[in-house]
Amino acid sequence: MPPPTRGLFVDPEFPPCVSSLVQRGGTPLSPLCDHITWLRPQEICASPRLFPENARLGIGKQGILGDCWFICACFALHKSQKLLHQVFPPAQCTWNEPGYTGCFTCRFWRFGHWVDVTVDDCLPCLGQKLCFSHCEDQGAFWLPLLEKAYAKLHGCYESLWAGQVVDALVDLTGGLVERWSLEDAEDIDRNKMLCRMLDLKNRCAISCSVLHSKEGAGDLGEFHAFTITDIQHGVTKDGQQLILIRVHNPWGRSCWSGAWGRDGDKWALVSKSDSAKFLYDLQDGEFWVEKEEFLQEFNEVTMAFPVDEMEYIQSIWTDCPLLHTQQLYGSWVKGQTAGGSRNNVSFPDNPKFWFVVREQSELYLALMQRPQSGISSADGTHRSQSRSVILKSTPLYAIGLHVWKVEKRRFNLQKTIQSPVVAGTASHSYDRQLHLHCELSPGYYLVIPSTFLRDTEGDFLLRILSSGPITLSEITSNQPKIKTSEDDVKGTWETREVKGQWKKDVNAGGSRNYPSYCLNPTIPFIVPSKAQLMRVTLKQHCQEKHCHAIGFHVYMDPSDRSLSPFVQEPRASCVPHSYSHEVSMMCDLSPGQYIIVPSTYLPNQECDFSVSISTKMERKSIESQETLGKILNEVSVVKMMK
């Protein structure tokens, strides 16, 4: 008979019921909800405990929930006792101790600070067994309790169905995480990566992922994450060097029949004592692979940065402790600070930050966006704009980060951002957190975080971790304002937008290099006498991988309609044609009638487009005196029918 559980804590915010399991449905978990019961550990086994005596038996195994990414990240807590105590605070009363109340508290690093999450210990079960994560030693309950707290943090268990190891590692460590693609890397990069894995295997968590199935000896699944539990050197009987990597499948069952699997034929190449050493103490789901097999079968490696005894994050490349940390919050606001990428003329509108480097330093600049609420629909480990497959439909934006060195705090912004960066993301990516690694000399630096598309709203956290002293501050209105040319003129902007389409063999005439140029659409507009500035913006509406090279010319509209405008030279030209979603330029035009001719570089390239014509007029802005009105109560259709 299990001991009585009456009077124990039941979490009112995350109760043991269906709403804590699923909220939106759409995953394989939904049909099982009616069969799931909630039991406390003392109702599941006779002698429950938080941690097993043998640490190897504390390795996580996945249940029917698709959260392999989270279970793999939890391996980080095996590497550091201090980190384990940070995430799972010690001295909590357990089941056989006085003061046990049935509740436990875990901590997660969320958007810049550690937050406490308290849950009861009622755990989802099918029959008398845990149906989600559990340890190899099923009498240890630290992992299912941590998983429950993480599910509460996300709203329900179903929200953990699919994710990225990198995000869970950040939540559990509060640090930095490196992610390497094994597909794009050259051999020298792979060897460098494997060397770092060997050096750091005992100090940080390392995970690997299969993002798409390959032809090979093993059935590793697809969109699945694994834990690397060990890396060892080996020597064959004839003296050849080996690197063997021990991988754990959170499914907790054998899935590898390769040459170095438990019954593989390559073990005959090493001595019996060596093979026995490697095969001893293999847990369920663990297997060995040789370096070349590993590089062939797996697509990605994820590694958390180590933390030293003084709790400083260490550089993953130099082992140098990052002793100095600064962080600031910011926002991209539509129409104000959401300037988009460097493809847009509005890029300077993005939030801007100073940081000062006091001495030669190794730095990591990390940009984290605050994700909106969302739920995924497929088990997976990775989301990237440029690599592999998009697995989890979280509403993350493509973000980027760029850094310039400046001589003084007063400088020409336009000239600076057109100069080469000292560090920058190669492309905007759909990552929750990304970082730049650089070695910088003393001086002033400008940092601009951005989203790929302009007017994309969101909050972000900018962190700088450095081996030397630094100062980080935001450029605000209290500091010297950096003006663009259009800010120098007082007035208000009036904007007109025209939509159009290039159609093959109709009006997709291409650039002026081609005789068909005159077939392109023409958009008339007038420059009024009170106009001070004109800005013309051409946008193409297409998927990113199908961008055309676009540009435009502005001509004076001839008063004689029998004359072609193309016999004259353009009054303004936005060329050369650029592979961008958007091109724009300021036009200094005298009052009169004009036409805009948008074009793709090559003829017969089809696409929708829009042209925005903004005119800065010499008039005072209107000071609004309106206030927010009362909220209107919606009347339901049912009430109306009654």
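Label separation (residue 8 vs residue 35): 2.5 nm, computed from points 7 Å beyond Cα along the C-beta direction.
Would you mind ranking 457, 292, 178, 186 by Cβ crowding within 10 Å, fewest neighbours first? Walk me through the numbers on the way to the answer.
Values: 457 15, 292 11, 178 20, 186 8.
Sorted ascending by nearby Cβ count, the order is 186, 292, 457, 178.
Remark: spin-label model distance residue 354-residue 493 equals 2.7 nm, labels positioned 7 Å along the Cα→Cβ axis.
Along the Cα-to-Cβ line of residue 126, 7 Å from the Cα, sits a label point; which residues in the stretch 37-54 have backbone N less than 16 Å from it? Residues 37-39 fall inside that zone. Across 5 Å bins from 0, what is the distribution of all Cα-Cα pair distances for the stretch 403-459, in whole percents? It works out to 4, 14, 26, 22, 19, 13, 4, in whole percents. Across every direction, the projection of the convex hull enclosing the Cα atoms of the stretch 1-98 has a mean area of 8.4 nm².
Taken about its Cα centre, the stretch 18-160 carries a charge dipole of roughly 360 debye when the Cβ of each Lys and Arg holds +1 and the Cβ of each Asp and Glu holds -1. Please count, across the stretch 177-304, the pairs of lysine residues with Cα atoms under 28 Å apart that sit 8 or more places apart or on different chains. Lysine pairs meeting the criterion: 22.
Given bins 10 angstrom wide, list per bin the percent of all Cα-Cα distances in the chain, short to long. Histogramming the chain at 10 Å steps yields 3, 13, 20, 20, 18, 13, 8, 4, 1, 0, 0 percent. Taking a straight Cα-Cα cut-off under 16 Å and skipping sequence neighbours fewer than 8 places away in the same chain, the aspartates and glutamates within cross-link reach of residue 539 are 455, 497, 582, 606, 608. The Cα-based radius of gyration and maximum Cα-Cα distance (Dmax) for the stretch 241-318 are 15.5, 46 Å. Net length available on complete extension from residue 414 to residue 271 is 44.8 nm, with 0.36 nm assigned per residue and the Cα-Cα distance removed. Only the Cβ atoms of Lys and Arg (+1) and of Asp and Glu (-1) were treated as charged; on that basis the dipole of the stretch 177-304 about its Cα centre amounts to roughly 500 debye. If R0 is taken as 22 Å, the Cβ-Cβ distance between residue 612 and residue 571 corresponds to a FRET efficiency of 0.75.
With contacts defined as alpha carbon pairs under 8 Å and 6 or more residues apart, what's the relative contact order of the chain in percent? Walk me through the numbers before you get to the answer.
Values: 1400 pairs, mean separation 74.7, N = 642.
In percent, rounded to a whole number, it is 12.
Taking every alpha-carbon pair under 8 Å whose residues sit at least 6 apart, the stretch 90-243 reaches a relative contact order of 13 percent.
Treating only the Cβ atoms of Lys and Arg (+1) and Asp and Glu (-1) as charged, compute the dipole magnitude of the chain about its Cα centre; round to the nearest 20 debye.
Numbers: 64 positive and 72 negative charges, 375 e Å.
Dipole of the chain, to the nearest 20 debye: 1800 debye.
Taking one quarter of the surface of the convex hull spanned by the alpha-carbon atoms of the stretch 177-304 gives a direction-averaged projected area of 7.6 nm². For a label point 7 angstrom out from the Cα of residue 263 toward its Cβ, which stretches of the stretch 274-299 have the backbone nitrogen within less than 16 Å? Within reach of a label on residue 263: 285-288.
Using a cutoff of 8 angstrom between alpha carbon atoms and counting only pairs six or more residues apart, the relative contact order for the stretch 252-364 works out to 14 percent. Between residue 96 and residue 253, the distance separating the two model label sites (each 7 Å from Cα on the Cα→Cβ line) works out to 3.3 nm. Rounded, prolate or oblate, given the Cα gyration tensor of the stretch 487-617, with a/c below 1.5 counting as rounded? It comes out oblate by the Cα gyration axes.
Enter the per residue convex hull volume of the stretch 559-605, computed from alpha-carbon coordinates, in Å³ rounded to the nearest integer.
Details: hull volume 5.5 nm³, N = 47.
About 117 Å³ per residue, rounded to a whole number.
Let me check I've understood the local charge: for residue 120, count other residues with C-beta under 9 angstrom from its C-beta, Lys and Arg +1, Asp and Glu -1. What total comes out? Net local charge, residue 120 excluded: 0. A Stokes-Einstein calculation at 4 °C with viscosity 1.567 mPa s, built on the Kirkwood radius of the stretch 21-157 over Cα pairs, returns a diffusion coefficient of 84 µm²/s.
Computed packing ranks the peptides 113-119, 605-611 as 605-611, 113-119, most packed first, by mean other Cβ atoms within 10 Å. Ordering of 154-167, 91-104 by packing is 154-167, 91-104, highest average first (other Cβ atoms within 10 Å, averaged per residue). Protection proxy ranking, highest mean first, for peptides 401-408, 57-64: 57-64, 401-408, where packing is the per-residue count of other beta-carbon atoms within 10 Å, averaged. When the Cα positions of 354, 208, 325 are compared along the charge dipole of the chain, 354 comes out farthest toward the positive end, with charges on each C-beta of Lys, Arg, Asp and Glu. Long hydrophobic helices in the chain: none of the complete DSSP H runs spans 24 Å or more by Cα along its own axis with mean Kyte-Doolittle hydropathy of at least -1.0.
No lab work stands behind these numbers, since they all come straight from the coordinates. All figures in this text were calculated on a predicted structure; none of them were measured in a lab. Reconstructed Cβ throughout: ideal geometry from the backbone, glycine too, with neighbour counts over all protein chains shown.
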